[in-house]
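Peer 1: The structure's right below; bear with me while I get my questions together.
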Ligand SMILES: Cc1cc2nc3c(=O)[nH]c(=O)nc-3n(C[C@H](O)[C@H](O)[C@H](O)COP(=O)(O)OP(=O)(O)OC[C@H]3O[C@@H](n4cnc5c(N)ncnc54)[C@H](O)[C@@H]3O)c2cc1C
Ligand SMILES: Cc1cc2nc3c(=O)[nH]c(=O)nc-3n(C[C@H](O)[C@H](O)[C@H](O)COP(=O)(O)OP(=O)(O)OC[C@H]3O[C@@H](n4cnc5c(N)ncnc54)[C@H](O)[C@@H]3O)c2cc1C
Ligand SMILES: Cc1cc2nc3c(=O)[nH]c(=O)nc-3n(C[C@H](O)[C@H](O)[C@H](O)COP(=O)(O)O)c2cc1C
Ligand SMILES: Cc1cc2nc3c(=O)[nH]c(=O)nc-3n(C[C@H](O)[C@H](O)[C@H](O)COP(=O)(O)O)c2cc1C
Ligand code: FES
Ligand code: FES
């Protein structure tokens, strides 16, 4: 069930350049089921910023009724968010949407590919896959070394490759450059990140089972306003759609037009 | 010279119901000359509230580069202001306007009449008059006992009468009821408070030398926008005016139409 | 609760508060949060004859104290609304106001005719003011004669009272209001969104794929209040007011200006419980202001009182 | 600074930033804060033939991300502006744009004729859009033919280029722009304020004594950007843009939309140093965005670039 709750900030810190890790505590955590779901944050009680901001769930700790997000402070709202301190509260609407399906067989291999602020939801996903005995590989793309985060955390779960656009860490280039070099074999692909990256993956692995998480500008976040729709892939009529907020944000590769 | 400065809150506390005393420190205090001047406060860096708020200077302590305001947290802006804490800064524009003329002879008597949030500027005024050897009387009107503030402070400067509308402290009724009872004699009248009170005083003491401080909704606070004008009293043409922000807020009784 | 009830053509409202069209879908999503039967009414998403996908994305953008949208009237089309959405809403004890849209007169007439027969549709809201649809739409909302003609034709076929939703993107809102009143409109709803745009500094291009969109939210409240103030003094049909309402105080402004009921749009996105909250808070506000019934507030800003 | 200079009819601007009319008086007050010679230009307070006291107070009110004003064109009248205000401004190295207002054509023509002879007045801004004056004013700003005629008559007498200030309170801003362009306008300034109102919850009455007033500030920015975007594609005369600018990013939006220069109104009240700050910050922003001259930004949102 979707809840609205003023949740308490249990910790908040900058973990890479302009990248913040924010943990919140409250009952709403009980409702969190799947990795890949997101929450819709009201940054301020004032009219600025007016709209909520969608941020993925990066880690769920049911025992502590706590969850963690990782976000980039970039625009007006996320910059305001970054000034909040432990002990303050944030109005959270969530959990929203449908996350990554994780029912897999023990011993299977999963490739997790993340780009930039698409990386965070892969962390909870990876943890849950590993718990089921799935072997995970991470390929994470970032702009530059100073923006890279959670390398140790991912490495402790499975083999982790990194690419940076400027080559300041790992492979110089994009996640696809890593994939071209390494020739990894896997049973299922999971990905979250910028559109061009998702498209490149769809092209590279046309036959594979896989799931991608999409981003769209949102109004309501719950399926009521039709802000976040995308076309279905096989729909000559052009009228069929999925809502990223309530049908997604995770879709099976090939389901929607990206 | 008018300055703009981010001044530090040195103390901030509720001194009566919804009435706050706010002290700020900074260089701008050096520019404060007269009691009755005011400052224009930017409550927030955000767009809410958009406009500055005019608040009178209630006490000036040049030695500590500190001044104090007393305000009622009532509307959106002042309520937001009341949440600020010592150590935070506030963007202050000031000092603004022309205050009360205080050149008086030693031994003269001055009557200071204040109503509600018109009381604060009379405190600095009274201090400066007393310093010059003027004998001061204060007649202060408030809604109800819980809204009354600075009784001790005023009493230590001169005889102080209070009226409350509901009779919960002092004389029941208005400042004019006190004045009717007490029949005070004085050389000069100073007043700040709601329009009806100022009008009543003008009618009661038509011949006396006196100064009143006016309130108007303001835009710029510095004389540029023409938001705060009032008509001159003796102007059949109806085109002559004074700006409350830059010509006032203090006017000689009879100068402007109230 | 009888302090809040209000009778409008076709509508017996428990209270004068309802979600605005396009900001509440067909109610399903918000039914997760509270019982929709508490609402005065529900203005459902615009319905067109054919299903519409609407505009490309991004379809929303944020502005100072407001938002822009260019959804483009996405909806499943008349048949699906009649077969799926409206029957689903019958479980709630709430009258529905069906928002009717189209790109030509025949579309409006056909949708009005059929949708007004649905048992829970108690009134139509004629959307002559959607700024996000290219063909024709704009003329319906900005030329009094065109609005008059459309209203008249819809009135002829509708089985329930017809409210016309006015666009604020006009020089003279009173002329528009009078034109549709003369054509037989039973009520007015106002305002729809102001036409606006914002530009992404990084790309240099408009944020909305549609480039322009409709501005809603607190930013437009003074425009809405002004228009309701002007129109309510010049027409004798009731007004359902909307535009930036976020709080009980905001609502009170609309009643004072001349609205008989209010609708909440954008605020649902910020607080999904907003309509429920406002319904709960309104009686206390009436006490505070010293009124016994909501109707005493209507038009108070221009009516003479002692 | 040569990255910021811009040539417009009658105006050689050091930079494209100037205070908007009515928000800077005749400059005196702001000259306490910085040297007015740094400004691209100054749009002085509206001047009418006779001195005007303007509307009763309250004349301003606050709204979400905006403010309402109903000053009512208070000014000392043409003679006093010619004898006192303009000569005082001559000490600064800054071209003046004189905002010309009136309630009938003859007033405009007479003011334009005389004020355009002042040595530091390099352009006129024809205020056909003040929402706060009852008589006639509204027609000048909302009916293309009326605006056309007024512009033509003023052009005949003015010794400097004439910019026409457009009102946003119209259904079709492009029609207005084209009408005044055809009449010989040398440029446009846009937008003036949107007509709005707010109501005091305690009294039930409008806050402004004039009841309605002009809405300015960040709230109206998306409307301004949209109108400049539409008009700049349809006319060939330059536009000075305004409406809610508070930051360099806001300014950039206006240039991208199609403005060749910008004016700052309400923001002066919030930060008296705002124009100076924006002038200082603009070059860094150009670097950040990779432009060498401000003119490269103009109209970028609709022009094709690779
Ligand atoms: C399902 C989902 C999950 C996300 N998860 C994360 C995450 O875990 N970490 C993270 O850093 N970011 C995440 N994002 C992106 C994040 O929502 C945007 O970066 C953020 O909304 C931008 O807000 P702002 O205040 O920085 O920018 P502003 O420019 O002030 O935003 C203005 C408006 O545009 C919207 N907007 C701007 N950029 C985006 C964007 N890329 N996607 C969606 N809306 C946008 C904002 O929500 C707001 O409504 C996610 C987005 C979606 C849709
Ligand atoms: C020269 C001067 C000195 C003042 N000194 C004091 C003081 O020492 N202590 C004190 O408590 N108050 C003082 N006031 C009144 C104070 O400015 C208002 O109470 C305050 O601006 C209200 O803001 P708000 O956020 O509470 O209300 P809101 O309703 O949010 O204000 C909305 C707008 O209306 C204006 N406004 C509302 N009420 C008034 C008012 N009474 N006078 C002027 N503008 C108003 C606000 O400034 C703002 O622009 C003074 C006013 C003036 C003009
Ligand atoms: C996302 C969105 C979609 C809308 N869709 C419709 C619509 O389909 N039909 C309609 O008449 N109005 C539509 N509107 C306008 C609203 O019903 C309302 O008139 C407007 O948003 C002003 O109210 P607000 O400021 O409370 O949102 C829409 C508004 C928004 C924000
Ligand atoms: C207090 C005030 C007075 C104004 N007076 C005038 C005026 O005399 N002439 C004019 O053309 N515009 C006048 N305007 C409109 C501004 O010049 C400007 O067009 C408008 O405020 C939008 O810009 P902004 O949002 O930056 O304020 C006035 C605006 C304000 C707020
Ligand atoms: S954001 Fe409203 S439907 Fe998805
Ligand atoms: S407030 Fe602007 S002139 Fe006084």
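Peer 1: Taking 2.2 N^0.38 Å as the expected size of a compact globular protein, what ratio does the Cα radius of gyration of chain B give against it, to two decimals?
Peer 2: 0.97
Peer 1: Let me check against my output: what whole-number percent is the relative contact order of the stretch A:3-96, with C-alpha pairs under 8 Å and at least 6 apart?
Peer 2: 41
Peer 1: Between residue A:27 and residue C:201, what is the spin-label point distance in nm, taking each point 7 Å from the Cα along the Cα→C-beta axis?
Peer 2: Here the modelled spin labels are 4.1 nm apart.
Peer 1: Related question: Kindly put B:60, A:212 in sequence by how many other C-beta atoms sit within 10 Å of each C-beta, fewest to most.
Peer 2: B:60, A:212
Peer 1: Which parts of the stretch D:41-65 would a label at residue D:110 reach, counting a residue when its backbone N lies under 18 Å from a point 7 Å out along Cα-to-Cβ?
Peer 2: D:46-54
Peer 1: How far apart, in nanometres, would the label points at residue A:106 and residue B:130 be if each is projected 7 angstrom from Cα along the Cα-to-Cβ direction?
Peer 2: Result for the modelled spin labels: 8.6 nm.
Peer 1: Based on the Cβ-Cβ distance of residue B:89 and residue C:277, what FRET efficiency does E = 1/(1 + (r/R0)^6) give at R0 = 41 Å, to the nearest 0.05?
Peer 2: That gives a FRET efficiency of 0.75.
Peer 1: Moving on to the next point. Calculate, for residue C:291 and residue A:6, the FRET efficiency according to 1/(1 + (r/R0)^6) with r their C-beta to C-beta distance and R0 41 Å; round to the nearest 0.05.
Peer 2: So, using R0 = 41 Å, E works out to roughly 0.80.
Peer 1: How big is the convex hull of the Cα atoms of the stretch A:3-96, per residue, in Å³?
Peer 2: In the stretch A:3-96, the Cα hull volume divided by residue count equals 85 Å³.
Peer 1: For a footprinting-style exposure proxy, rank B:177, D:249, B:152 by other Cβ within 10 Å, fewest first.
Peer 2: B:152, D:249, B:177
Peer 1: For all pairs of alpha-carbon atoms in the protein assembly as shown, what percent lies in each bin of width 10 Å, listed from the first bin to the last filled one?
Peer 2: Going out from 0 Å in 10 Å bins, the protein assembly as shown shows 2, 10, 17, 21, 20, 16, 10, 4, 1, 0, 0 percent.
Peer 1: Another question, then. Compare D:112, D:171, D:101 in a GNM of chain D, Cα atoms joined below 10 Å, and give the one with the largest fluctuation.
Peer 2: Comparing D:112, D:171, D:101 in a Gaussian network model of chain D, the most mobile one is D:171.
Peer 1: May I ask for the percentage of alpha-carbon pairs in chain D that lie more than 26 Å from each other?
Peer 2: Looking at chain D, the distances longer than 26 Å represent 40 percent of pairs.
Peer 1: Further question on the same structure: In whole Å, how far is the Cα centre of the stretch A:52-74 from that of the stretch B:201-243?
Peer 2: Centre-to-centre (Cα) distance: 57 Å.
Peer 1: Here is a follow-up. Tell me what the protein assembly as shown gives for mean residue ellipticity at 222 nm when only DSSP H runs of n ≥ 4 count, each as -39,500 (n - 2.57), the sum divided by the residue total, rounded to 500 deg cm²/dmol.
Peer 2: -6500 deg cm²/dmol
Peer 1: Here's a follow-up. How high is the relative contact order of chain B, given as a whole-number percent (alpha carbon pairs under 8 Å, six or more residues apart)?
Peer 2: 17
Peer 1: Given the options B:38, B:154, B:226, which has the most mean-square fluctuation in a GNM of chain B, springs set between C-alpha atoms less than 10 angstrom apart?
Peer 2: Looking only at B:38, B:154, B:226, the largest GNM fluctuation is found for B:226.
Peer 1: Tell me, A:190, B:211 in order of fewest to most beta-carbon neighbours within 10 Å?
Peer 2: Going from sparsest to densest Cβ surroundings: B:211, A:190.
Peer 1: Rounded, prolate or oblate: pick one for the stretch A:214-258, where a ≥ b ≥ c are the square roots of the eigenvalues of its C-alpha gyration tensor, a/c under 1.5 means rounded, and failing that, prolate if a/b is larger than b/c, else oblate.
Peer 2: oblate
Peer 1: May I ask for the distance between the Cα centers of the stretch D:246-304 and the stretch C:158-203, given as a whole number of Å?
Peer 2: Going from one Cα centre to the other spans 33 Å.
Peer 1: With each label point set 7 Å from Cα along the Cα-Cβ vector, what nm distance links residue B:45 and residue A:209?
Peer 2: 5.0
Peer 1: Sticking with this structure for a sec: Which of D:121, D:223, D:160 moves the most in a Gaussian network model of chain D with Cα springs under 10 Å?
Peer 2: D:223
Peer 1: Let me ask you something else. Using Cα-Cα distances under 8 Å and only pairs 6 or more residues apart, what relative contact order does chain C have, in percent?
Peer 2: Dividing the mean separation by the residue count of chain C yields 19 percent.
Peer 1: Which whole-number value in Å³ per residue fits the convex hull of the alpha carbons of the stretch B:133-215?
Peer 2: Per-residue hull volume (Cα only) is 101 Å³.
Each reported figure results from applying straightforward, stated rules to the coordinates on display, with no laboratory input. What you see is a predicted model, and the numbers here were worked out from it, not measured in a lab. Reconstructed Cβ throughout: ideal geometry from the backbone, glycine too, with neighbour counts over all protein chains shown.
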